[in-house]
Amino acid sequence: MKNYRGVAILALLIGLGIGATYLTQLSTAGRIKGQQQDLANRTLLDVLPTDRYDNQPLAQPVVTAPVTLAHSTLLGGYLATRAGLPNAVLLRSQVLGYEGSIQLLVAIDPQGRLLGVKTLRQSETPGLGAAIADWPNPWLQSFNGKSLQAPTDSGWALKKDQGQFDQLAGATVTSRSVLQAVHDALRYFDEHQAQLTGVIIDE
């Protein structure tokens, strides 16, 4: 009889322990998930100066389905606002590099100028094209302030292709692919500016 009572007490204690663990997990899971999401958001949004927005851009999508462009695929887009006004559009792009696909985040201001470009994912050659993933990235920063009109279409190419841009050392294919994807993103923004920002620009 004592053995049964001891087993019952042990089973009860185990059950209470499991229940307490489960409740603790439930109570902390939401907070952990929120912290992970905040970290992911900061990692994505560090391409955008913090004074450009006071909303949660990733919670305000403006492109929700993939769009095939001339040299790349647009995977998504988000609107950054400040005081309720559009202040930047973030376009997530994918392009084929030398070793595989490269994902980029391209930040564009309402006037169509580049605010920043960041590599989100890549599988390029270590020591060569993989340098595209460095952050901050001096080569990608050289795009800042450029637009669809400055330079013109012919200028949006590597210098070895009679364009205006240097390349990453030893990574011609990677450099060319990224440059084309950024140019695609600027062209898409120019053609869909009202849809992306909600603002109609007078011609």
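No lab work stands behind these numbers, since they all come straight from the coordinates. The model shown is predicted, which means the values in this text are computed figures rather than measured ones. Note: ideal-geometry Cβ built from the backbone for every residue, glycine included; neighbour counts use all protein chains shown.
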Inset, instruction - Please report, in Å, the Rg and the Dmax of region 53-197, where both are computed over Cα atoms only. - result: 14.5, 44
Inset, instruction - Give, rounded to the nearest 20 debye, the magnitude of the charge dipole that region 110-203 has about its Cα centre when Lys and Arg contribute +1 at Cβ and Asp and Glu contribute -1 at Cβ. - result: 320
Inset, instruction - Please check which bits of region 148-184 a label hung off THR68 would reach, taking the label as a point 7 Å along Cα-to-C-beta and the cut-off as backbone N under 20 Å. - result: 177-178, 180-184
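Could you tell me the calculated FRET efficiency between GLU191 and LEU85, based on Cβ-Cβ distance and R0 = 30 angstrom, to the nearest 0.05? Don't skip to the answer; put the middle values down first.
Values: r = 22 Å, r/R0 = 0.72.
My answer for the efficiency is 0.90.
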